[in-house]
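Each reported figure results from applying straightforward, stated rules to the coordinates on display, with no laboratory input. In this text the structure is predicted, and so the values were computed from the model without any measurement. All Cβ positions, glycine included, derive from the backbone under ideal geometry; neighbour counts span all protein chains shown.
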Amino acid sequence: MNIVLLGAPGAGKGTHSEMLVRDFGLKHISTGDLLRAELKKASPVGLEAKSYMDKGSLVPDAVVMKLLVGAIAGIKHGNGFLLDGFPRNESQAGMLEEELASRNMNIDRVLYLNVSKDVVIKRLTGRRICKSCGAVYHVFNMPPKREGVCDKCGGDLYQRPDDTEETVLRRLEVYRKETEGLINYYKTRKILAEVNADLSRDNTYGLILQKLGKK
Ligand code: AMP
């Protein structure tokens, strides 16, 4: 089962990716995570991406595509993959289709997590992430047992620099202009499944399982 998770920043793509990967053994490919890993290494790709990411703009397609192709090439035949944060525009969607076709692969389902703007702003500005294992918390909705410390591994929690209110608004605008059109793109291909992502994590996940025929 190969899945794309589509939705605005803060729709819960990261959280639900974690749950789907845990339950179905999918390979998780997040272009945001791949870019942040390059940034941490201070590689040329990371340095090029930084200025775009800090502003909440999209990193150029060629840069992201290189990372994505590397990740897809590393997939062993297994249970399938889950794409989180890719594609972000129609040009990326087209390149993805070509890349997969050349490997006799395809996308089975696009899960569109539909979330409202108010919910996104509250979610993202309160989001905290573990520096060591990447686990996601929220200062109100899902606080760690000890403030600033990861329950799972004891690592330090931090706020992504692009989760400030100003950058969140910019990211939402970029989503509206560049990414939202993909909803129709996948609707016409008849693989889109829409889920209400304003609900609690577990309720939204229940809907996702229904759409995947797993419940
Ligand atoms: P994310 O973790 O998916 O919210 O991505 C964080 C940032 O990484 C985005 O705001 C973009 O700057 C960049 N990014 C992630 N995925 C892509 C993509 N598919 N295309 C362009 N930029 C991306």
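General remarks:
- For the chain: rounded, prolate or oblate by the Cα gyration tensor [a/c cutoff 1.5]: rounded
- Ranked SER30, SER43, SER102, criterion: other C-beta atoms within 10 Å, fewest first: SER102, SER43, SER30
- Spin-label model, MET1 to LYS122: label points 7 Å out along the Cα-to-beta-carbon direction sit 2.9 nm apart.
- Point-to-point label distance, ARG22-ALA101, nm (Cα→Cβ direction, 7 Å offset): 3.8
- Karplus 3J(HN,Hα) series, Hz, for segment 148-158 with 6.51 cos²θ - 1.76 cosθ + 1.60 (x for Gly, Pro): x, 10, 6, 5, 7, 10, x, x, 6, 9, 9
- For the listed residue pairs LYS55/LYS177; LYS122/LYS152; LYS190/LYS215; LYS27/LYS177; LYS41/LYS76, the alpha carbons are over 18 angstrom apart in LYS122/LYS152; LYS190/LYS215; LYS27/LYS177; LYS41/LYS76.
- Helical contribution to [θ] at 222 nm, DSSP H n ≥ 4, -39,500 (n - 2.57), averaged over the chain, rounded to 500: -14000 deg cm²/dmol
- For the chain, the dipole from Cβ point charges (+1 on Lys and Arg, -1 on Asp and Glu) about the Cα centre works out to 460 debye, to the nearest 20.
- When you restrict to C-alpha pairs under 8 Å that are six or more residues apart and normalise by the size of the chain, the relative contact order lands at 29 percent.
- Antiparallel beta bridges, as assigned by DSSP with both residues in the chain, represent about 30 percent of the total such bridges.
- Length gained on full extension, VAL69 to ARG201: 44.5 nm, using 0.36 nm per residue less the C-alpha separation.
- Sorted by Cβ neighbour density within 10 Å, fewest at the top, the residues ARG189, ARG170: ARG189, ARG170
- Which of PHE24, PHE81 has the fewest Cβ neighbours within 10 Å, and the rest in rising order: PHE24, PHE81
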